[in-house]
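Coordinate-derived values only; no laboratory data. Note that the structure is a prediction, hence the values are computed from the model and not measured. Neighbour counts run over all protein chains shown; Cβ positions are idealised from the backbone, glycine included.
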Amino acid sequence: MKDKILIVDDETSILLALERNLRNYYSVVKALNGLQGLKALKEKGPFAVIVSDYRMPQMNGIEFLTEAADFSPDTSRILLTGYADLEIAMAAINKNSIFHFLTKPCSSQDLIKVIDAAVRHYQLLVSERDLLQNTLTGSIKLLLDLLAALQPDIFNRAGSISRMAKIIGERIDMKETWELEMAAHLSQIGTVTIPRDIVNKSFGKNLLNAEEEALFKSHPQVGSKFLANIPRLQNIAEAVKYQFKGYDGSGPPADELKGEDIPLLARILKVVQDYDYYLKTEGTSTGSLNRLRSNGALYDPGIFNALETEILCIEKGYKYEVKQVYLFQLATGMILADNIYDQQGAVLIPQGTIISEVSKTRLINFVKMGKIAEPIRVIKRKAGQK
């Protein structure tokens, strides 16, 4: 397939001449001004290269290419300009607004040579980003597999926290929730350095002694240090670091941050984690919400209101339904409606576990060994509900 380029010029004759010179080498899209160019970027992209004239009405070439960079940062940007505007073009290069500039008139050979270099630059950026993304995905998977192996109960809890955090994020109109979900999944990664009996005790009704509590409360700092070394996880590392921080500024780490100065992701984690903890100790969602209300200074009011609204919707049956399913019908994201017991009555997988690839494999193995019977009851979101 030919690489796609966008050419922008307010003179139709020049636009058509550029298209004739380039269409044998590239897939060409034309636009008569900057606004049309931005529309083409959104509707017909991605483009490897943009070639834009400088002198255009309403929006000059540098203004257009600067906006284009915000929308499509990997796309290489070339400016066509007259000799009188060379100083402006050089300034744009110094500000990284454009990849290259060409003076008019420009020969077809020179234009194609520069566009070829711009295409290679674009392909390099995309390849590096894909490599980084694959590295990031692999690193996260490794950390989650480590958590699942060393602290399986905590891994399940992290899944529960992530599910609720995503819903809260949507309720407060977060545009992107992937960082929030990832922060929730990785919020417990520091517990892999803590003895399992202390971790399990921290989520039960037995109180930790002072030494155990100090050790457990260190896990966000440990987890944050793990994550800070992974590219593109800086925001997530900060969220993990501040997940115990109260809205009033209390709690670790001991610094001056409070209120909205605390990272938003961390404020969501604080509310959702405490709700999940009190749900276990109090036994009911009403009891858990009451405990949160009694410590209201610890929580961002808007986030608490979003959580409360979500819980009330669940209790009234607005959004979820319980279904009986067979293993082949299991999907990640479903939630176990009941404990799964073995033949001796011991709990194999607890109620509330979110089905992941790991828990699904465990269930399949238990069925093969005859330890549980199908179908099983799960909770799933109703079709069409948000």
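Side notes on the structure shown:
- Calculated FRET value between VAL367 and ARG291, using beta carbons and R₀ = 25 Å, to 0.05: 0.10
- FRET efficiency, LEU150 to ASP173 (Cβ-Cβ, R0 56 Å, nearest 0.05): 0.95
- Expressed to the nearest 5 percent, the antiparallel share of DSSP beta bridges inside the chain is 40 percent.
- For Rg and Dmax of the Cα atoms in Å, calculated from these coordinates, the label among (i) 21.5, 84; (ii) 24.8, 93; (iii) 27.5, 87: (iii)
- Modelled FRET efficiency - R0 56 Å, ASP197 with GLU260, Cβ distances, 0.05 increments: 0.90
- Ordering ARG267, ARG293, ARG171 from the fewest to the most neighbouring beta carbons within 10 Å gives ARG293, ARG171, ARG267.
- Applying 0.36 nm per residue to the separation of LYS141 and SER127 and subtracting their alpha-carbon distance, the gain on full extension is 2.9 nm.
- About its Cα centre, the dipole of the chain is roughly 1200 debye, where the only charges are +1 on Lys and Arg Cβ and -1 on Asp and Glu Cβ.
- Subtracting the Cα-Cα distance of LYS323 and SER27 from their residue separation scaled by 0.36 nm leaves 101.5 nm.
- Sequence-separation-based contact order of the chain, relative, with Cα cut under 8 Å and 6+ spacing, percent: 9
- The chain: angle of helix 285-294 to the longest principal axis, Cα-based, in degrees nearest 10: 80
- Pairs over the 29 Å Cα-Cα cut-off, from the set LYS201/LYS270; LYS175/LYS217; LYS30/LYS113; LYS2/LYS175: LYS175/LYS217; LYS2/LYS175.
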